[in-house]
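Engineer: Attaching a single structure in structure tokens format; questions to follow.
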Amino acid sequence: MAQYDAPLLSTPEPPAPSRSKWPLAGVMAIDFVLALIAFVALTLLVQVVFVGVRAAQQGLSLAELQARLRDQTQAMRLVGTDGLFVTLLATNAAFIFIPIARVKWLRHEPLAEIGFTAPRPVRLVLIGIGVGFLSLLLNGLISSQLQSLFERPDQAALFPLFPGDYLGQVLLMLGAAVLAPIGEEILFRGYVFNALRLTFANRRWGIPLAYGVSALLFASVHSLSVSRGLFALLVPLFVIGLLLAWTMHRTKSLLPCIIAHAINNGVALAGLVACVNMPGISGCPKL
């Protein structure tokens, strides 16, 4: 009788254990440091390039260049509105790229978790407009009280605005009222706030932590733009950060946050442009 060997039965290998993901708040902390490094590095790189090009065009000696750079107003003249616009473009591109790369490409999670969603867009736009004008009101009330007690912030000195330079004014308006609101809202409200909110959702202190940390980081980063009047700048920015975090929390969408931020920046910069083009207006900051 023919004999047949019994078939060898192979035991299926157990599936490899899936690697557990770090909590979103943990990687967010790393990414925020990377965003700050990118912000500083890109700012220096862009502005050094523009200053170098203008120094060469004007035939400045090394001693003349050093003398101009010691004066903040003269230094910003060398950077120019085009240099400041490219700075805003580069830094806010980093603010946008880092959260998207982490959430979508590295963690393979939906971007809706960090606010990339807009159900009922008309309603969201109206909310954004309302929050924008509320932020202007709060900013004005808080700033007026603080500036009566503390030194006025010198943030306006960073803007190289000159009478008749309408192209430069348009570039700065695009940078401050379009690029900055998109980049900053994606980073601070979309990523920082939501990473903390989602990670610590089951803790009683989770939501207050998300509000406080996101608003504090938002205000602190803007402190790099002043050399005087720091306290009078940080407090209203912290309150606005809380208001925008509330908007993100209630709507789960970045759209109203971006609109509100754009209104706040746009109105403030429009007032600064009016001061430049029509000197003599009362209440204008020193430029």
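Since every read-out is calculated from the coordinates, none of them should be taken as a lab result. Small disclaimer: the values here were computed from a predicted structure and weren't measured. Here Cβ is always computed from backbone atoms with ideal geometry, including for glycine, and neighbour counts include all displayed protein chains.
Engineer: From Cα pairs below 8 angstrom and at least 6 apart in sequence, can you work out the relative contact order of the chain, rounded to a whole percent?
Structural biologist: With pairs under 8 Å counted, the relative contact order is 26 percent.
Engineer: Just the Cα atoms of the stretch 194-240: what Rg and Dmax do they give in Å?
Structural biologist: 12.9, 41
Engineer: Let me ask something additional. Taking the convex hull of the Cα atoms, report for the stretch 74-214 its projected area averaged over all directions, in nm².
Structural biologist: Computing the convex hull of the Cα atoms and averaging its projections yields 12.0 nm².
Engineer: Apply the Karplus curve 6.51 cos²θ - 1.76 cosθ + 1.60, θ = phi - 60°, to the phi angles in the stretch 179-191 and return the couplings in whole Hz, x for Gly and Pro.
Structural biologist: Karplus-based 3J(HN,Hα) across the stretch 179-191 equals 5, 4, x, 5, x, 5, 5, 4, 6, 7, 8, x, 9 Hz.
Engineer: Among residues other than ALA177 whose Cβ falls under 14 Å from its Cβ, what is the net charge (Lys/Arg +1, Asp/Glu -1)?
Structural biologist: So the surrounding residues net to -2.
Engineer: Give the cysteines in the chain for which no other Cys Cβ lies under 4.7 Å away, or write none if there are none.
Structural biologist: CYS257
Engineer: How big is the stretch 172-287 by the Kirkwood estimate over distinct Cα pairs, in Å?
Structural biologist: About 15.2 Å for the stretch 172-287.
Engineer: Mind ordering 24-30, 50-56 by average Cβ neighbours within 10 Å, highest first?
Structural biologist: 24-30, 50-56
Engineer: Mind pulling the angle between the C-alpha long axis of helix 72-100 and the longest principal axis of the chain? Nearest 10 degrees, somewhere in 0 to 90.
Structural biologist: 20
Engineer: Another question about this same structure. Using a Förster distance of 45 Å, how high is the FRET efficiency between LEU138 and ARG77, based on the Cβ-Cβ distance and rounded to 0.05?
Structural biologist: It comes out at approximately 0.85.
Engineer: Further question on the same structure: Taking the number of other C-beta atoms within 10 Å as the exposure measure, put HIS261, HIS249, HIS222 in order starting with the fewest.
Structural biologist: HIS249, HIS222, HIS261
Engineer: Taking the Cα atoms of the chain alone, what are Rg (to one decimal) and Dmax (as a whole number) in Å?
Structural biologist: 24.5, 115
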